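K.L.:
Structure in structure tokens, see below.
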Amino acid sequence: MALINVAAREIHGKIVYYGPGLSGKTTNLQYIHSRIPSNTKGELLSIETETERTLFFDFLPIDLGKVHGFTIRFHLYTVPGQVLYERTRVAVLNGADGVVFVADASRDRLPDNLQSLRELAQNLTAQGKRFLDYPLVMQYNKMDLPQALPTPVLDRYINTVKVPRFEASAINGKGVFETLRAISKLVVNKL
Amino acid sequence: MPQFDPEISRMVVVEEDQAQISACLQRLMADSGASYSMVIDRAGQILASESDEVRPEMVHLGALIANTYASTQEMARILKEDGFKTLFQEGMKEKIFTETVRGRWLLVVIFDKQSQVGMVKVLARRSSAVLANILDLVERRSTEVNSPRFRQVGKATIDTIDLLFKDDGCSDDE
């Protein structure tokens with residue numbers, strides 16, 4: 001839940017990057033961390049396996065500076081995408097104010113995207129959230145790959161709820177900030 | 001275990017709340033000899049903290065503790081337990097004790113060998129009960145607050161988002 005601390009004049013929001021394994025959630029955070037000014041960001045914390053896959057979460061605090069005397073802070077998290085870590089994803093999703101669903105646009109990953117999206121809907125519902133009203137944006141990542149499905153096909157299969165969606169190639173930074181802007185605004189609009 | 005209330009989409013902590021929470025944390029630290037204490041929400045955001053010294057990286061610690069706690073709740077679910085109410089980490093120099101407050105917030109206490117673990121646990125439990133009453137009130141009041149002031153902040157924040165999150169980024173590291 002968004003925290004408005006009038007005494008400390010701070011507003012905090014939590015945004016979680018969700019999606020199947022290797023869809024590029026960590027890459028999004030790494031790109032954001034590499035591009036925003038150092039006075040705006042904290043250290044990027046990653047809890048990984050020995051093979052550098054996300055084990056628990058990545059965490060990046062971002063400070064937007066002062067707005068009308070309030071310091072605005074977003075905490076960005078990723079979940080571990082591998083199927084094994086389903087309960088860990090539930091834990092990280094706790095208290096999130098908004099979610100970016102990072103889909104892998106590759107043709108052979110469509111079933112994984114659908115399974116992950118179903119799981120996200122179940123997990124949010126289990127936390128008492130109304131999935132259809134929840135601040136959610138989608139990112140079709142790896143659109144630069146030859147095996148990427150066309151956007152209309154991804155729209156038809158993945159974005160049945162018709163939330164804002166963005167084409168991306170996170171490794172090159174394409175679509176990363178567009179996605180972040182969209183989810184940040186949805187979260188702020190819920191204040 | 002109390003469930004997350006989906007109708008409360010935000011929590012508004014005002015000066016009086018902050019003063020009450022801080023007084024509770026200060027008393028806990030004075031009585032237990034702890035060097036640091038904080039209250040965080042389930043998202044890992046710090047509501048209030050008190051410290052004997054400047055401690056960097058507490059934002060990261062808050063995130064780690066909140067996620068570790070959420071993780072233990074999933075462990076409890078697997079074991080068909082109602083939930084685990086505390087966390088305890090013991091290092092060579094310092095220890096961290098975490099007690100749940102109504103299952104919605106966490107009270108975190110950092111202390112060294114000068115303080116007894118048992119004493120910290122008892123005092124933390126007592127403080128948790130006091131904090132629960134304060135935070136319940138804050139939470140109830142938060143649902144009623146619909147200040148135009150926050151809407152104004154929200155509008156201005158959207159302009160800041162456009163400025164800061166530009167497509168090409170705006171790194172100063174290059």
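K.L.:
Is there a quick way to get the dipole size of chain A? I mean about its Cα centre, with the Cβ of Lys and Arg at +1 and of Asp and Glu at -1; what is the value in debye to the nearest 20? Mind dumping the intermediate values first?
P.N.:
Details: 23 positive and 18 negative charges, 120 e Å.
Dipole size: approximately 580 debye.
K.L.:
Okay, which of the stretch A:60-94 sit inside 13 Å, backbone N to the point 7 Å along the Cα-Cβ direction of A:Arg9?
P.N.:
Counting backbone N atoms under 13 Å from the label point, the list is A:65-72.
K.L.:
Under 9 Å from the Cβ of A:Asp155, count the other residues' Cβ atoms, weight Lys and Arg +1, Asp and Glu -1, and hand me the total.
P.N.:
+3
K.L.:
Checking the table A:Lys66/B:Lys155; B:Lys80/B:Lys113; A:Lys66/B:Lys95; A:Lys41/B:Lys93; A:Lys66/A:Lys185; A:Lys41/B:Lys113 against a 25 Å threshold on Cα-Cα, which pairs fail?
P.N.:
Pairs exceeding 25 Å: B:Lys80/B:Lys113; A:Lys66/B:Lys95; A:Lys41/B:Lys93; A:Lys41/B:Lys113.
K.L.:
What FRET efficiency do you get for B:Ile158 and B:Arg126 if R0 is 56 Å and r is their Cβ-Cβ distance, rounded to the nearest 0.05?
P.N.:
0.80
K.L.:
Rank B:Ser35, B:Ser115, B:Val12 by how far each Cα sits towards the positive end of the charge dipole of chain B (+1 on Lys, Arg Cβ; -1 on Asp, Glu Cβ) and give me just the farthest.
P.N.:
B:Ser115
K.L.:
On to the next question. Once you order the gyration tensor axes a ≥ b ≥ c over the Cα atoms, which shape class does the stretch A:38-181 get: rounded for a/c under 1.5, otherwise prolate or oblate by comparing a/b with b/c?
P.N.:
rounded
K.L.:
What does the average come to when, for each residue of peptide B:74-85, you count the partner chain Cβ atoms lying within 10 Å of its Cβ?
P.N.:
Rounded to a whole number, the mean comes out at 1.
K.L.:
To continue, here is another question. Out of B:Gly118, B:Gly154, B:Gly62, any idea which swings most in a Gaussian network model of chain B, alpha carbons joined below 10 Å?
P.N.:
In the Gaussian network model the winner is B:Gly154.
K.L.:
What number comes out for the charge environment of A:Asp58, summing +1 per Lys or Arg and -1 per Asp or Glu over other residues with Cβ under 9 Å away? Show your work: numbers first, answer last.
P.N.:
Details: positive: A:Lys25; negative: A:Glu48.
Once positives and negatives cancel, what remains is 0.
K.L.:
With just the Cα atoms defining each centre, how far is the stretch A:102-116 from the stretch B:111-165? Give it in Å.
P.N.:
37 Å
K.L.:
Give me the net charge of B:Glu81's neighbourhood, meaning all other residues with Cβ under 15 Å from the Cβ of B:Glu81; Lys, Arg count +1, Asp, Glu -1.
P.N.:
Here the charged neighbours net out to +2.
K.L.:
Quick one: among A:Ile15, A:Ile62, A:Ile47, which has the greatest mean-square fluctuation in a GNM of chain A with alpha-carbon springs under 10 angstrom?
P.N.:
A:Ile47
K.L.:
Evaluate peptide A:7-14: per residue, the Cβ atoms of other protein chains within 10 Å of its Cβ; return the mean as an integer.
P.N.:
6
K.L.:
Moving to a separate point now. With +1 assigned to the C-beta of every Lys and Arg and -1 to the C-beta of every Asp and Glu, and no other charges, what is the dipole magnitude of chain B about the Cα centre in debye, to the nearest 20? Before the final figure, lay out the partial values.
P.N.:
Values: 21 positive and 28 negative charges, 185 e Å.
Its charge dipole is roughly 880 debye.
All of the numbers you see were taken from the coordinates with simple rules; none came from a lab. Since we're looking at a predicted model, the values are computed, not measured. Every residue, glycine among them, receives a Cβ derived from its backbone with ideal geometry; neighbour counts consider all protein chains shown.
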